[in-house]
Amino acid sequence: MSTGSGAATFVDRYPEEASIVRQAFFVAFVAFGLGALFGVIQALHRTDILRFIPSTDYYTVLTAHGVLLVIVFTIFFLVGLFQWAITRSFDRPVEDIRITKAWLALMSVGSVVTGVTILLGFVDEVGISADVLFTFYAPLQAHPLFYAGLAVFLVGTWIAGADWFRSWLAWNAEHPDDRIPLQAFVVLTTMLMWYIATIGVAVAVLFFLLPWSLGLIETVNPLLTRTLFWFFGHPVVYFWLMPAYLLWYTVLPKIAGGRLFSDPLARVVFVLFLLLSTPVGIHHQYLDPGIAESFKFIAMTNTMFLLLPSLLTAFTVVASVEHGARQRGGTGLFGWLRALPWRDPAFTGMMLAGLMFAAGGFSGMINAGMNINYLVHNTLWVPGHFHLTVGTAVALTMMAGTYWLWPQLTNRRLYSRPIGLLQVVVWFGGMALMSNAMHVSGLYGIPRRTAEPQYQGFDFSTAFGSVAELNVQLAIGGTLLFVSALLFLANLAFSWGNPTTSGLGQTLPPALSGPDDSPRVLDNMRLWAAIALVLVALAYALPLGAIVADSGLFGPGGDAYPVTVVLNSVAVTAERLTASVGATLADVGGVLEVIR
Amino acid sequence: MNEGMVSADDGATHGDLERSVSAPPDQADVDRTLSHEEFDPKGTLALILVYFAILVGMWVFMYFVEFLGNGLTVVG
């Protein structure tokens, strides 16, 4: 290591923990690269611009894209970032590094098993596949290894959470009168939310989908597994988002040259996410038969309340950035924006991510409205929405955050800051094109999850322009995103070749309004967890009871769809789908999912 | 603020200013320190009002033009 002066980096102070963070990031970025490749294949395929896989493999690609990006990439980045945040903010090493290594290993093994099971869908001879998409509910059925891998992964995340709570308890014993540091507060509230959210998916997988896939039970109740999936499926989006929020609240103000505006407001936001993230999942099921409108209305009301912490975040984060700008000499009502460090890829990446999130907030409001949702349900609008949220607000913040974290974790400089800046701007531009095309296509009724949304004897009518123009826009956007992903990964790979340097250490400034300005009850994790559980019970007890009362735990019967579609058997599969439409009312929703 | 802040751009030290190591070396320095009392986030309020106006405008368009303005789609 060369000589230099400066504060110690995270890796200087906690080498073992830094190694864990790097390993988690490594898995995340491998998944990111693969997921991005599958993404561009889809963008070119469904727009019919370049098709080099058979359309039957499209669903393997789609499943791999979804699972690798929103399960593996986001959550491995999350556990890496949270480990950094816990160790850094408590300023203490992990209690037992073997446990920490164990959960990372469990998560990795689970991811590999699930990932390989999905990818085997490309090899028809093996007879193993899991073309069930990220939303893996019945009647779609995967090979048992898909569910088993997910279960192992999930157990890994639970142990990770327990590991961080253990750190908190140990720290608390030594600092009984101190407030929980904000970064640790984010980690603890997020993990409480995760424990509650994963009850749904754990029950769905362990009691229904896995035994069903193994042949231990004949049938499942499709509506029940869908509802249990969405019990998990909405809070998981906040699980992806919380690492981005952690970076926006605690790192972005520092990069902007300022300080967090209000620590108390930040705590309120994270408590609100813990309380409100889960009792809203039914808003994904507005068109599901078998759930009473009144339950859907409750889910919509809760969802609209969720706008509150997002708007509080918009205020607090922008105010913190403005503080930085004013300290850097910025003036005027809007002129301060010019004083910000726009040439810093970490800063610009996070700001562009935040801007996209604001746009995603709008399309999310449309999704969340019970009536207006009918306009966009199951159309390409929805992927357009979540590519703004998880695909940019989360993913771009993670990439930008990596540029800042990299020296702290490796003692190495970034290979190229200009390439980093180019990368974040290309991502923003690519997403602006792709997401805009997706939203507009959705308004014209073009479906999502479809390899060939081109139909004989039918044209989508457009208000202006043409579907062909939208397709070109989507394909160009998708290609730019893939190029941006490659730039990011290459920049990091080359950075690994940089020599180690000392003096790269950074510290994070305290908030303008610190934790002592807020009531201590905000730190009462037991209280918030209990209220969150009560809200979940209120939102879910009656609808779940009604679903089971209507069709039983295992449903009224019907076929599974092991979507091992091989070439030439599409017609057979379609026949089975059609034949089953009349089978049961509960099946209809699921079958439509398949068709769409 | 700024306690323990160290610049580390390309090996050069720029005093005790708070900087990002992923930022270019010539980034503008912090030239004043603003306390909680001295800082009034008016610019933030202005940006949020602009955002709110866009939100309302787009929602009105979506609801009245796209949603109510389109007829039923009947398939089959």
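The values are calculated or read from the model by the stated rules, or taken from the named source; none is laboratory data. Just so you know, these numbers come straight off a predicted model, no measurement behind them. Every residue, glycine among them, receives a Cβ derived from its backbone with ideal geometry; neighbour counts consider all protein chains shown. Note: accessible area is taken over every heavy atom of the protein model, side chains too, but ligands, DNA and RNA are not part of it. Shrake-Rupley method; radii C 1.70, N 1.55, O 1.52, S 1.80 Å.
Side notes on the structure shown:
- Averaged over the residues of peptide A:498-510, the number of Cβ atoms from other protein chains lying within 10 Å of each residue's Cβ is 4.
- Axis of helix A:345-368 versus longest Cα principal axis of chain A: the two differ by about 40°, to the nearest ten degrees.
- With Cα atoms, 0 to 90° folded angle of helix A:467-495 axis to chain A main axis: 40 degrees
- Counting, for every residue in A:403-415, the Cβ atoms of other protein chains within 10 Å of its Cβ and taking the mean gives 2.
- Solvent-accessible surface (1.4 Å probe) assigned to residue A:101 amounts to roughly 110 Å².
- The Stokes-Einstein estimate for chain A, based on a Kirkwood radius over Cα pairs and taken at 20 °C with 1.002 mPa s viscosity, is a diffusion coefficient of 87 µm²/s.
- Helix-only arithmetic for chain A: the sum of -39500 (n - 2.57) across DSSP H runs with n ≥ 4, divided by the residue total, places the mean residue ellipticity at 222 nm at -21500 deg cm²/dmol.
- Protection proxy ranking, highest mean first, for peptides A:390-397, A:422-429: A:390-397, A:422-429, where packing is the per-residue count of other beta-carbon atoms within 10 Å, averaged.
- For the pair B and A, total buried accessible area rounded to nearest 100 Å², probe 1.4 Å: 4400 Å²
- Rounded tilt (10° steps) of A:585-595 against the dominant C-alpha axis of chain A: 70 degrees
- Within 10 Å of each Cβ in B:48-61, the average number of Cβ atoms from other chains: 3
- Residues of region A:231-280 whose accessible area, computed with a 1.4 Å probe over protein heavy atoms, drops by at least 50 Å² once all protein chains are present relative to their chain alone are A:261.
- P(r) of region A:226-266 over all Cα-Cα pairs, binned every 5 Å from zero, in whole percent: 6, 21, 19, 16, 12, 10, 8, 5, 3, 0
- Heavy-atom accessible area per residue - chain A, 1.4 Å, Å²: 35 Å²
- With the highest mean first, a sort of the peptides A:363-375, A:139-151 on other beta-carbon atoms found within 10 angstrom per residue produces A:139-151, A:363-375.
- Per atom type, region A:336-431 shows carbon and sulfur on 71% of its accessible surface, probed at 1.4 Å.
- Candidate lysines - alpha carbon under 30 Å from residue A:254, same-chain residues fewer than 8 apart omitted: B:42
- Radius of gyration over Kirkwood radius for region A:195-310, both on Cα atoms: the Rg/Rh ratio is 1.11.
- Accessible-area value, residue B:36, 1.4 Å probe, nucleic acids and ligands omitted, Å²: 60 Å²
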